[in-house]
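Take a look at the structure below.
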Protein chains: 2
Amino acid sequence: MSTEPGPEAGGKSLFSLQRRERLMEELRAHGAITVRGIAAKLGVSELTIRRDVNLLADEGLVSRVHGGATLPSPLDRSATAGLPSPHSYSIGMVVPSLDYYWPQVISGARAEAEEQNLRILVRGSAYDAADNRRQVQALLDTQNIDGLIVAPDMTGERGQELLRWLNALPIPVVLAERRSPGDNPAHRLEWVATDHAFGAGMAVRHLWQEGHRQIGCLTDSSSPTSPHVVRGWRQAMKALKIPVEKSVHEDSAQLVNGDRAAHFDHVLELCKTTGTTAMLVHSDTQAVAFVQHCVDRGIQVPGDMAVVGYDDEVAYLAEPAISAVRPPKQYVGKVAVQLMAARLAEGRLRPVHRIELNPELILRESSVGAPRVPAAGVLQDSL
Amino acid sequence: MSTEPGPEAGGKSLFSLQRRERLMEELRAHGAITVRGIAAKLGVSELTIRRDVNLLADEGLVSRVHGGATLPSPLDRSATAGLPSPHSYSIGMVVPSLDYYWPQVISGARAEAEEQNLRILVRGSAYDAADNRRQVQALLDTQNIDGLIVAPDMTGERGQELLRWLNALPIPVVLAERRSPGDNPAHRLEWVATDHAFGAGMAVRHLWQEGHRQIGCLTDSSSPTSPHVVRGWRQAMKALKIPVEKSVHEDSAQLVNGDRAAHFDHVLELCKTTGTTAMLVHSDTQAVAFVQHCVDRGIQVPGDMAVVGYDDEVAYLAEPAISAVRPPKQYVGKVAVQLMAARLAEGRLRPVHRIELNPELILRESSVGAPRVPAAGVLQDSL
DNA sequence: TCTGAAACGATCAGACTCGAACAAGCGAGG
DNA sequence: CCTCGCTTGTTCGAGTCTGATCGTTTCAGA
């Protein structure tokens, strides 16, 4: 059947792009192809195949060998010679805040970038999709960047739209502290994010071990982190068989000063009626304020009310010092840059990576009962 | 034996690059090779092997010895500038199969291990928790390993028990192609796994784009991969608004020969009554059998029934060649070793990493309708 | 230390592959 | 209708890979 050109469906001659696709497919199937064999199979001259092979080899999709081609091999000298190009890459980075949480992420990214010999250009942005896009666009226009690390707003239709746009950019994109949905519209986006649900769960289990049987949750729904914290809190409560519906779960987004004091009083009232003796407070800025409020109201921390904060930015400043879940912010930046560097080096052959990092629980005074050992931090493994 | 370089048809002749790769693989597996042995194995003259060895030695990838070659040894003074190998770690690796799927994972792991200057000890195991544990224990007892990469059976109470045991081991553990639950009992376990649900979803969306409106799923529930494939199929169906309850979803675990034929007939009958024109078949071994069965029954593939396989081990062998979702097996091994190397280097300060990799969809004849453009693979970005 | 067997590499020849240069085919646009 | 630009095919000298021969080197046992 394959004596004459057109062994495939219909003797239609293929376009060059299709031919190269066929070629890649044969290659994937067999691991290697001969110029002669493929030329016969596709009914074109060997020279044509050779030209295709050269083209694909230039893109790093195959390794050239005498008489044919193979899947790219690390032994292929020309490949390794070509890739570590002397011109170092520039990476754009757009983050939603330059004074909370993100400085450490950036610092981690910078350190790793230096290691990898990359340049990083950071821009701050607002917490909304339109501004995210503006900032990214500005980077694309004025600098010429080879890759993008970004923590976009993903809420609502605008967020989805932004994701699609990022997905379609001609340069690789890595999300930091954001998860793109696994399915279609963002299938090329890679990400690295902290598993905040795990962190919240860890806090709840710690409080449980300290003897607390009603554990509340105070969140700030204006933060993208919040839903994950709540989810983790819920899951852990369920696993510990504490009824979630009867537990204190309040949101303190957008509150300031006077309002906040009133709201905290409300929360404390709820705690009293439900018998809640421990709170997980998202954003440890809030936690600091909450602990301060408790102290002002004569409520002992941790005696009457144990508190664990979330984020560990300022938790150690409070009096008493607040236990907090600490996301590995430095590592988020570091891993994002590693992903980007690997992507730039290996190209399309590298599969899309999506990485979750576990936070750690830093124990301080606000959650550890007096009789217990106040030891803290990284050394504990038992949780 | 063949005077011509056999282009197809299992021809033994390899390109030099492939030969060198085979050589490296043998080397990684056994630690040393003899010129004579390899020459016989590959069916080339000893001189050719010698030339290859010299070439690899020049690049510092092997050490020459009289009669053969070994992995580069620090004792070999000709080795380039004495690679910094202060003390190399040993990693144990326990996988549930040595002849399906896992050889590629192992190969990827070996290659990366060599890069990182680690030693890897591989053991096969059965697909059950008790034997997993036995094999791991054997590694711990006889070799003394510094880290463990394992793909355990995680089903049932025995599986959970095994996870807890692994979690408590004094050495770092990385799971390959397995996800530990995010919560408590396995919080120290890191893992790297293919996002099979994404792969299944990609297949469904591809079939949808080809015009199919009823897409069935044929699974093998005896495989740990199966639940994820089903989940991805379900999710994608839901997103496309195809009623899942009315769709064909059959399981063919444990069937052989006669039973299988009967079962396939049953499946085809179901397809007819439901109007199903496309099937996602887990384990492409099954897919090959299924396509064969269709052809035997006079059902056109892809005309009457489009098929996408899952795993891409043998899918290309079928006639017509079967489209298949390909998990990045090499990368699973590679990333597992990277995780381990980083863990061994950085210790407990490094946060727990959990990594998902996306598979890719290899389009072949079995799912691509004649009228459509048959272009496939990496060059297309639109899916 | 000696000696035979095996391994090694320089050299050559044969078969095949590669790519430059030029010619021919095809589709788009003036 | 013709020309332009792009892709593909043909020819042929140069280049590459492999294997055979054979003299030299290395190894292991006496």
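To check you understand DSSP bridge types, tell me what percent of the beta bridges within the protein assembly as shown (both residues inside) are antiparallel, rounded to 5.
Taking every DSSP beta bridge with both residues in the protein assembly as shown, the antiparallel ones total about 25 percent.
Interface size between chain A and chain B, please: total buried accessible area, 1.4 Å probe, rounded to the nearest 100 Å². Show your work: numbers first, answer last.
Values: alone 19380 and 19530 Å², together 34110 Å².
Summing both sides, the interface buries roughly 4800 Å².
Any chance you could check segment B:313-329 for residues losing 30 Å² or more of accessible area when the partner protein chains are in, compared with the chain on its own (1.4 Å probe)?
When all protein chains are present, B:Y316, B:R326 each give up 30 Å² or more of accessible surface.
For the protein assembly as shown, what is the mean residue ellipticity at 222 nm derived from helices alone (per DSSP H run of n ≥ 4: -39500 (n - 2.57); sum divided by total residues; nearest 500 deg cm²/dmol)?
Estimated from H runs of four or more residues: -13000 deg cm²/dmol.
What three numbers, in Å, describe the spread of the alpha carbons of the protein assembly as shown along their principal axes, ordered from the longest?
Computed over the Cα atoms, the extents are 94, 71, 60 Å.
May I ask for the equivalent-ellipsoid semi-axes of chain B, computed as the square root of five times each C-alpha gyration tensor eigenvalue and listed largest first in whole Å?
Whole-Å semi-axes of the equivalent ellipsoid: 40, 29, 18.
Provide a list, ordered by number, of residues in segment B:13-33 showing at least 20 Å² less accessible area with every protein chain present than when their chain is taken on its own, using a 1.4 Å probe.
For segment B:13-33, once contacts with the other chains are taken into account, B:F15, B:L17, B:Q18, B:E21 lose 20 Å² or more.
Which loop trypsin sites (Lys or Arg not before Pro) in segment A:226-315, with loop taken from DSSP, have no more than 15 other Cβ atoms within 10 angstrom of their Cβ?
Values: sites: A:R231, A:R234, A:K238, A:K241, A:K246, A:R260, A:K272, A:R297; in loops: A:K241, A:K246, A:R297.
Qualifying residues, ordered by number: A:K241, A:K246, A:R297.
Modelling each spin label as a point 7 Å along the Cα-to-Cβ direction, I'd like the B:L121/A:D265 distance in nm, to one decimal.
The answer from the label model is 6.8 nm.
Counting only protein heavy atoms and a 1.4 Å probe, tell me what percentage of segment A:16-82's accessible area is made up of carbon and sulfur.
The nonpolar share, carbon plus sulfur, comes to 55 percent.
Any idea of the accessible area per residue across segment A:193-299, 1.4 Å probe, to the nearest Å²?
Working: 4490 Å² over 107 residues.
Heavy-atom SASA per residue in segment A:193-299 reads 42 Å².
List the distances, in nm to one decimal, from the label point of B:Y100 to the label points of the same position in every other copy, shortest first, placing each label point 7 Å from Cα along the Cα-to-Cβ direction.
The answer, with the shortest distance listed first, is 5.3 nm.
I'd like to check one number: the per residue accessible area of segment A:16-82, probe 1.4 Å, reported in Å² as a whole number.
43 Å²
Above 16 angstrom, tally the Cα pairs of segment B:16-70 and express them as a % of all pairs, no decimals.
Details: 382 of 1485 pairs.
Tail fraction, whole percent: 26.
Every other copy gets compared here: list the nm distances from the B:G31 label point (7 Å along Cα to Cβ) to its counterparts, shortest first, one decimal.
Once sorted, the set of distances for B:G31 reads 2.5 nm.
Between copies, how far apart are the A:A261 label points? List them in nm, one decimal, shortest first, with each point 7 Å from Cα toward Cβ, please?
Between copies, matching label points for A:A261 lie 8.6 nm apart.
Loop-only GluC sites (Glu not before Pro) in segment B:181-271, please: DSSP not H, G, I, E or B, and at most 14 other Cβ atoms within 10 Å.
Listed in order of number, the matching sites are B:E245.
Give the percent of DSSP beta bridges with both residues in chain A that are antiparallel, rounded to the nearest 5.
Values: 9 of 44 bridges.
If we restrict to bridges inside chain A, about 20 percent are antiparallel.
The values are calculated or read from the model by the stated rules, or taken from the named source; none is laboratory data. Bear in mind that the values here come from a model prediction, so they are computed numbers and not experimental data. In this analysis, Cβ positions are derived from the backbone assuming ideal geometry, glycine residues included, and neighbour counts consider all displayed protein chains. Side chains included, ligands, DNA and RNA excluded: accessible areas come from the protein's heavy atoms. Shrake-Rupley method; radii C 1.70, N 1.55, O 1.52, S 1.80 Å.
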